[in-house]
Amino acid sequence: MSNFRQVDRETGFLLPPSVDEWLPERHLARFVVEVIERLDLSAMVKAYRGSGSASYHPSVLLGLVVYGYATGVFSSRQLERATYDSVAFRFIAANDHPDHDTLATFRRRFLKAIEGLFVQVLMLARETGMLKLGTVALDGTKVHANASRHSALSYEHASKIEAQLKAEVAELMALAEAADTADVPDGMSVPEELARRAERLQRIAEAKAKIEARAKERVERERGEYEAKLGAREEKARSTGRKPGGRPPQPPTAGPGPTDQVNLTDEDSRIMPVAGGGFDQAYNAQATVASGSLLVVANDVVQAANDKEQIAPMLDKLDRLAAALGKPETMLADSGYFSNANVTACAAAEIAPLIALGRDRHHLSWKDRFAKAPPAPENPTPLQAMAHRLASPEGRQLFPAQADAGTGVRHHQIGDGLPPVLPARPRKGQRRVELGHHGLEREADVRTHPCLTGQPETASSTKHPIP
């Protein structure tokens, strides 16, 4: 005979169950609750009037939002369902169930306040010894916009459609003025067709105006760069007494180009190259991470596809955090950030740059790996000093160990505009706590994957692959 456990879903509890007994002691949900309890939420609390029906405490709603970001649950409706289905979300909500409208309103209302709490979390991490700003790593990732690249409208195509619609409007007006309307197809309403085309013409005019405004901003920006390059070229000619080599810089072209475009679904996003080839409608998310703890200390979401422009803004963010968290000593970045100007900017900010000069060759011989560093140059420029440090044993050991790991910026989709805080996770080490079957988190889910420990994989280890 088979020996099975008894299945009984009807017998009630003899004593009331305790929410505190539902999760293991070292569960991520407990950590989120403990951290939020130590944050200063007085500004959020004072924002409530105190009249009417009782409101959910900001700590509960904030805990649901933060834990949702940490476990990949972003939608307010999904968060509401998780308070019923997930033990961890039930624990954070104290067995209450805030509806999706309450969660969405809270997130929208206190967006700036939540952004300010980001610094408080970093200060708590520093107090507990988790955060040390010795070495930070900067990396970026393309974040898919909530729009298709096929929804983009170029300036050239918009002009063609505009001309076609204007011609159709003229034909319809002539048809409406004609005394004999026998040629009008059955079911066709000339006023409705005119209204439809008028609406499309208005949308195309708005799209063209946005493209023209972007082109104007681009021309102004490129004009400044052109004048700077021209001045540097003239200064070099005066100092050397010779005509500089290479082609002279070209002035910017006024007006929008035929390929300049705007996305009709999400106009803030841009067409960007993505990993693996091809293009997508996306944003460029940037994250600066403390190399020891992998905590994000500064973040940004920009519309520029090139990472070379992001060093200076990130240095400004780190400078504003210096009073509360201190200043990092070294910044790691890949070759996408390399330029003489960026190296000089890091040196001016008193942060030693370690920016890859280019792609490293794979499978170096042991002689190349253990080669001695070349002698240090006398009175080096910031670029020469960085190149020498990269060639030193210290630089070779520090850079691959930290920069190759990257910041582990998560790939997710932006729903509405730019996010205030960019969620991030490490690619190695402890796994994130994911929603398991039926939304229940198990203590066995928080573990190191076999591929990181060298242990053989089992059926249970492949059940939840590393994301």
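The values are calculated or read from the model by the stated rules, or taken from the named source; none is laboratory data. In this text, all values refer to a predicted model and were calculated from it rather than measured experimentally. Glycine also receives a Cβ, built like all others from the backbone with ideal geometry; neighbour counts cover every protein chain displayed. Protein only, heavy atoms only, side chains kept; ligands, DNA and RNA dropped before computing areas. Shrake-Rupley method; radii C 1.70, N 1.55, O 1.52, S 1.80 Å.
Residues in the stretch 8-23 that are open to solvent by 70 Å² or more (accessible area, probe 1.4 Å) and part of a loop (DSSP other than H, G, I, E, B): 8, 9, 10, 11, 13, 14, 15, 16, 17, 22.
Within the stretch 266-298, which residues are open to solvent by 30 Å² or more (accessible area, probe 1.4 Å), in a strand (DSSP E or B) and either aromatic (Phe, Trp, Tyr) or over 28 Å from residue 206 (Cα atoms) (or both)? Within the stretch 266-298, 279 is the sole residue that qualifies.
Of 236, 243, which residue is loosely packed, with under 12 Cβ neighbours inside 10 Å, farther than 20 Å from residue 303 by Cβ and either of a type in the set (Val, Ile, Thr) or out of contact with any strand residue (DSSP E or B) (no Cβ under 7 Å at 6 or more places or on another chain) (or both)? It is 243. Within the stretch 94-119, the residues that satisfy the criterion of being over 27 Å from the mean Cα position of the chain (by Cα) and either among the aliphatic types (A, V, I, L, M) or open to solvent by less than 30 Å² (accessible area, probe 1.4 Å) (or both) are 94, 98. Of the candidates 91, 74, the single residue that is under 21 Å from the mean Cα position of the chain (by Cα), open to solvent by 20 Å² or more (accessible area, probe 1.4 Å) and not polar (S, T, N, Q) is 74. In the stretch 342-366, what residues are surrounded by 14 or more Cβ atoms within 10 Å (Cβ to Cβ) and assigned to a loop (DSSP other than H, G, I, E, B)? Answer for the stretch 342-366, where residues must be surrounded by 14 or more Cβ atoms within 10 Å (Cβ to Cβ) and assigned to a loop (DSSP other than H, G, I, E, B): 349, 351, 356.
For residue 122, state whether it is under 19 Å from residue 264 (Cβ atoms), open to solvent by less than 30 Å² (accessible area, probe 1.4 Å) and either out of contact with any strand residue (DSSP E or B) (no Cβ under 8 Å at 6 or more places or on another chain) or not aromatic (Phe, Trp, Tyr) (or both).
The answer is no for residue 122.
Just one of the listed residues (192, 217) is part of a helix (DSSP H, G or I), of a type in the set (D, E, K, R), farther than 27 Å from residue 262 by Cα and open to solvent by 90 Å² or more (accessible area, probe 1.4 Å), namely 192.
The set of residues in the stretch 299-341 being assigned to a helix (DSSP H, G or I), out of contact with any Gly (no Cβ under 9 Å at 6 or more places or on another chain) and among the basic types (Lys, Arg) consists of 317, 320. Is it the case that the stretch 116-125 has a residue that's within 30 Å of residue 353 (Cα to Cα) and not hydrophobic (A, V, I, L, M, F, W, C)? Yes, the stretch 116-125 has at least one match. Only residues that are over 27 Å from the mean Cα position of the chain (by Cα) and surrounded by 16 or more Cβ atoms within 10 Å (Cβ to Cβ) were counted across the stretch 202-214, and they come to 2. Under the condition of being of a type outside the set (Phe, Trp, Tyr), touching a residue at least 40 places away in the same chain (Cβ under 8 Å) and under 16 Å from residue 108 (Cβ atoms), the residues counted in the stretch 47-90 number 5. Taking the numbered list (1) at pLDDT below 85; (2) surrounded by 14 or more Cβ atoms within 10 Å (Cβ to Cβ) in turn, residue 259 passes all entries but (2). Within the stretch 123-160, restricting attention to residues that are in a loop (DSSP other than H, G, I, E, B) and hydroxyl-bearing (Ser, Thr, Tyr), the residue that is farthest from residue 295 (Cα to Cα) is 148.
Run down 247, 242 and say which single residue is among the basic types (Lys, Arg) and more than 28 Å from residue 155 (Cβ to Cβ).
Going through 247, 242 in turn, just one is among the basic types (Lys, Arg) and more than 28 Å from residue 155 (Cβ to Cβ): 242.
Note on the stretch 367-383: residues that are open to solvent by 90 Å² or more (accessible area, probe 1.4 Å) and either of a type in the set (Ser, Thr, Tyr) or not in a loop (DSSP other than H, G, I, E, B) (or both) amount to 2. Taking the conditions (1) loosely packed, with under 13 Cβ neighbours inside 10 Å; (2) modelled with pLDDT under 90; (3) closer than 24 Å to residue 322 by Cβ in turn, residue 399 satisfies each one other than (1). Do you know which of the residues in the stretch 51-70 that are over 14 Å from residue 113 (Cβ atoms) and assigned to a helix (DSSP H, G or I) is nearest to the chain's Cα centre (by Cα)? Per the criteria, the residue is 69.
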